[in-house]
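Note sheet for the following structure.
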Amino acid sequence: MRTAIDRFLQYLRVERNASDLTIKSYREDLTALCDYLGEAAGGAPPEPGAVSVLDLRGYVAALSEAGYASSTVARRLASLRSFFKFGQREGWAATNPAKPLRNPRKSRNLPHFLSAEEVGRLLAAPPAGGRQGLRDRAILETMYSAGLRVSELVGIDDGDMDFDTGVLRVRGKGRRERLAPIGSYAAEAMNRWLAVRRLHPHEPAGPDAPLFVNKFGRRLTTRSVARMLEKYLKQAGLDTRTTPHSLRHSFATHLLDRGADIRSVQELLGHKSLITTQIYTHISTAALRKVYEQAHPRAR
């Protein structure tokens, strides 16, 4: 089983040109299945071609009992379908046992976002002076200004920003590129950060150098950005459930609340499908409903 997983990951890397993050997700999903099957068998997991629909139904039931979100279960099922489809191609699986399994119904939980006033407090939290404060303010301004995923933010290189046009080149999911406009506040914060970054003895050089770096001149990680955000949320007295992705949710919600059309927001977010973007129309509707219930004398 583990040999088949390694061959599948190699296929993704070489033939499908999958990103490191995608390969990591597949590895985690398939290793979890392998561990489950081994525990269920009381020893080594079965040969991958011997895995049945019943085995996978038991695995899905175990995930649900363990409290995994429906979105996580659906993602793991998608990984299994791809894995066993690869097995059919390679000849070690006669059928795809994951194909008949239906995805669990997704919950309608609305994503968390900050109000415009709360975003303003967050962006003002990093100190205006000093290398770290200037970097952190540029990071937060850029994430909110362009609606970036944190993985997109840490992947920005020096050559990706065109200050003349105020446009940033972003590499999103599936290595799809898009152009994202940057507001004047973000551009100014980025310029201030670059001015102090260039004084650093370990300053990276060239268009492929990372835009946002740590104190050693190396590219930031997504985890370090999350820790930085948590620090400023506490300083600003904001909800610490807020994640880097919450700034992306806030970006989309604020645009729609102020009259942007949903297809433009789809392009700005880099969503492949409009269905993904439509969650933000529900956020706006929910906000309107809350205002209505608070203000209308006959709402309740």
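Here the range 23-60 is the region considered, the condition is being among the small types (Gly, Ala, Ser) and exposed (fewer than 12 other Cβ atoms within 10 Å of the Cβ), and the residue that is nearest to Arg175 (Cα to Cα) is Ser52. Per the listing Ala209, Ala236, the residue uniquely of a type in the set (Gly, Ala, Ser), surrounded by fewer than 20 Cβ atoms within 10 Å (Cβ to Cβ), touching a residue at least 12 places away in the same chain (Cβ under 8 Å) and closer than 24 Å to Ala195 by Cα is Ala209. Here Asp20 clears all of (1) touching a helix residue (DSSP H, G or I) at 6+ places or on another chain (Cβ under 9 Å); (2) closer than 21 Å to Lys173 by Cα; (3) surrounded by 14 or more Cβ atoms within 10 Å (Cβ to Cβ); (4) of a type in the set (D, E, K, R) except the condition numbered (3). Looking only at the range 262-299, residues that are small (Gly, Ala, Ser) and at pLDDT 80 or above come to 2 in all. Please work out if Gly217 is assigned to a loop (DSSP other than H, G, I, E, B) and in contact with a helix residue (DSSP H, G or I) (Cβ under 8 Å, 6 or more places away or on another chain). Against the criterion (assigned to a loop (DSSP other than H, G, I, E, B) and in contact with a helix residue (DSSP H, G or I) (Cβ under 8 Å, 6 or more places away or on another chain)), Gly217 does not qualify. Out of Leu247, Leu255, I need the residue that is crowded, with 20+ Cβ neighbours inside 10 Å, under 20 Å from the mean Cα position of the chain (by Cα) and either assigned to a helix (DSSP H, G or I) or not assigned by TED's automatic domain parsing to the domain that holds Gly133 (or both). Which one? Going through Leu247, Leu255 in turn, just one is crowded, with 20+ Cβ neighbours inside 10 Å, under 20 Å from the mean Cα position of the chain (by Cα) and either assigned to a helix (DSSP H, G or I) or not assigned by TED's automatic domain parsing to the domain that holds Gly133 (or both): Leu247. Flag not set for Ala180, criterion: surrounded by 11 or more Cβ atoms within 10 Å (Cβ to Cβ), in contact with a strand residue (DSSP E or B) (Cβ under 9 Å, 6 or more places away or on another chain), over 21 Å from Tyr144 (Cα atoms) and modelled with pLDDT under 95. Please indicate, with yes or no, whether at least one residue in the range 120-139 is over 17 Å from Arg192 (Cα atoms), in contact (Cβ under 8 Å) with a residue 40 or more places away in the chain and touching a Phe, Trp or Tyr at 6+ places or on another chain (Cβ under 7 Å). Yes; the residues of the range 120-139 include at least one that is over 17 Å from Arg192 (Cα atoms), in contact (Cβ under 8 Å) with a residue 40 or more places away in the chain and touching a Phe, Trp or Tyr at 6+ places or on another chain (Cβ under 7 Å).
The values are calculated or read from the model by the stated rules, or taken from the named source; none is laboratory data. What you see is a predicted model, and the numbers here were worked out from it, not measured in a lab. Here the Cβ is made from the backbone with ideal geometry for all residues, glycine too, and neighbour counts use every protein chain on show.
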